[in-house]
1. Calculate what fraction, in whole %, of the accessible area of region 376-417 sits on carbon and sulfur atoms when a 1.4 Å probe is rolled over the protein chains.
2. Taking the 0 to 90 degree range and rounding to the nearest ten, how far is the long axis of helix 17-26 tilted relative to the main principal axis of the chain, both from C-alpha atoms?
3. If you project the alpha carbons of region 348-395 onto the principal axes, what extent comes out on each, in Å, largest first?
4. Under a point spin-label approximation (7 Å from Cα along Cα-to-Cβ), what is the Ala46-Ala421 distance to one decimal in nm?
5. Whole angstrom only: what separates the Cα centroid of region 264-301 from the Cα centroid of region 11-58?
6. Is the C-alpha gyration tensor of region 366-455 telling us rounded, prolate or oblate? Criteria: a/c under 1.5 is rounded; beyond that, a/b larger than b/c is prolate, otherwise oblate.
7. Which order, highest average first, do 330-337, 61-68 follow once you tally other Cβ atoms within 10 Å for each residue and take the mean per peptide?
8. For each pair in Lys103/Lys356; Lys124/Lys163; Lys72/Lys367, compute the distance between the two Cα atoms and list the pairs where it is over 29 Å.
Amino acid sequence: MGAANFKENAHKAMHDSDLQSELRKLAGGFSQARVRAAADVPEFDALRDAARDIKNHTLEHIDYYLERFERKVIENGGKVHWCRTAEEARETILGLCRDLGAKTVTKGKSMIAEEIMLNDHLEKNGIEPVETDLGEYIIQLRHETPSHIIAPAIHVTTEGVAKAFREHHKDLDADRPLTEPRAMLAEARTILRRRFLEADVGITGANFLIAETGSSVIVTNEGNGDLTQTLPKAHIVLASLEKVVPTLEDLSTMLRVLARSATGQEMSVYTTVSTGPRRAEDLDGPGEYHVVLLDNGRSAMIGGEFQDMLRCIRCGACMNNCPVYHQIGGHAYGWVYPGPMGVVLTPALIGIDEAKLLPNASTLCGKCEEVCPVRIPLPKMMRHWREREFERHLEPNTARYGLKAWTWLATRPRLYRMATAVAVGFLGGLGRRAGRFRTLPFAGGWTSVRDMPAPEGGTFQQQWAARQRKARAR
Ligand code: SF4
C-alpha cells in the first residue's frame, strides 16, 4: 500500500464491500459514546485545557522530564535504553531478548512496535512474537496491520475472524461454533492463556511514562497488558519520548480525558502502573525491567510548527469523527497511523516526499480538532503540510495549474465576479430543463458518483448584494 499511494488505496477501500459494511458500524458507536461521556462531566472542557497544558509544559521541558524519568527507573532497579532510530530500537530489543534466551515474547498493544516493524524483525531472528490484545491477535493471524489505533481489527468481519481461527488454531474442533463474539473470545482466550505461560519476555507499549516515579502506564480493556508484563522473566516497555508526563497527579488528569475520548468509558477497565522489576517482597512480577525510549524523528518536531502533534495521547477520537476515515478505514492511509492524526504525524515521521498527497485526506471540516482531548489544531497543521506539498511540486499538474488559475482569478475581484456570473448564467440556462448535470467536462471525479445540480438564481455574491439592498430598503 504505502502512504504515497493514498488515492489508489482510498479508491480500493471504497469498493471493498466487507470493509464498507464494517465501517458503517463505526458511525454511531465510539463517537456517540464520547458525547455521552463528556456530557456526564461538567468540567470536561476544563479537563481538556488542563491536559493540553500538561503536555505543552512537558514538551517545553522534555529533556528535564526524560532525564528525571531515567534517574527514577534506575533507582527502581530498571534500565532505560535511548534509541534515536527504529533500527536502533529493533536491535536493542532483539539484543535484550537474546540475552534472556527468549524463544517466545508476548506483546501488549503498542503502536510504536508497529512503527518500528518489531514483529517482522523478531521473527526473522528466530523469536516468535505473540500479540495478546484480541484485535492485534486477529490481525497478526491475518498478516495485516492495525486499521485503527484503539480498535486494530475494526475492519474484520465476524466471518473473517472465524476463518483466521480455523486456519491457525490447529486443535480447534471443526464442530465448535464460532458465530458469536463470545465464542470467539473463549477460543482466543484458550490459546492465549497457554502463550502467556510460555513467554520468556513481555513487551508492552506505554500510554504514559511518569517522570516523578519512573513508572510506565498502560490502559487496556482486556487485562492482557497485566499478564504480558508480570508473567515473563523480563518486561520491556517500548515507548516514544513524548509519552512522558511529570507526575502521578498529571496522570490522573490525562486518564480522565483519555478513556472518555476513546471509547466513552469513564475509565478503561485496566490501568496498570509498572515501576521497576519485582522487589523482594513482591509476590510476582518480572525479574528485569527495561524501557526502550524511541525518538524516530520526534525531537526534530519540537520547536517547529508540528510540535503540537506531540501532545497526541492516541485516543482515536479524531478518526472516530472523521468523515474521510468513515469512508475508507485505516489501511488506506498507508502507514501506521490512520485518520486525521496520521495525516499530520505520518509526513512528520517519514517525510512529506514519502507521504506525498496524504495531507489531502481531509475535508478540513474541523471535527477532529473539536473532539481532540488535548486540543491539537489538526486542520491548521494539515494546511501547513499542503503548503509544503505545493512548494515541493508533489501534487499532479492538473491540481497545480488549476490552483494557480484559481489564485489568479480570485485575486482580481472584479474579473472574478464577472467570470462567475457568466459561468453560473450559462450553466443555469443549460441545465434548466433537467435541473442537474450527469456529466461535466473537467469534473468527471464529481459526476461519476453524483449529479451536479444546475445553478439557480445567480452567484452567491449577486444573491448577497440583492439581499443587502432589500434590507436597506426596508
Ligand atoms: S490527535 Fe487528538 S483526537 Fe486524535 S488520537 Fe491524538 S489525542 Fe486523540
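The values are calculated or read from the model by the stated rules, or taken from the named source; none is laboratory data. Not measured: the values here are computed from a predicted model. Because the Cβ atoms are built from the backbone with ideal geometry, glycine has one as well, and the counts that use them run over all protein chains shown. These accessible areas exclude ligands, DNA and RNA; they are computed on the full protein's heavy atoms, side chains included. Shrake-Rupley method; radii C 1.70, N 1.55, O 1.52, S 1.80 Å.
1. Working: 1700 of 2930 Å².
Ligands and nucleic acids excluded, carbon and sulfur give 58 percent.
2. Rounded to the nearest ten degrees, it is 80.
3. 33, 21, 14 Å, listed from the longest principal axis down.
4. A separation of 5.5 nm, rounded to one decimal place.
5. For region 264-301 versus region 11-58, the Cα centre distance is 25 Å.
6. Working: a/c = 2.06, a/b = 1.60, b/c = 1.29.
Prolate, since a/c reaches 1.5 and a/b exceeds b/c.
7. Numbers: 330-337: 24.9, 61-68: 15.9.
Highest mean packing first, the order is 330-337, 61-68.
8. Working: Lys103/Lys356 39 Å; Lys124/Lys163 26 Å; Lys72/Lys367 39 Å.
Violating the 29 Å Cα-Cα cut-off are Lys103/Lys356; Lys72/Lys367.
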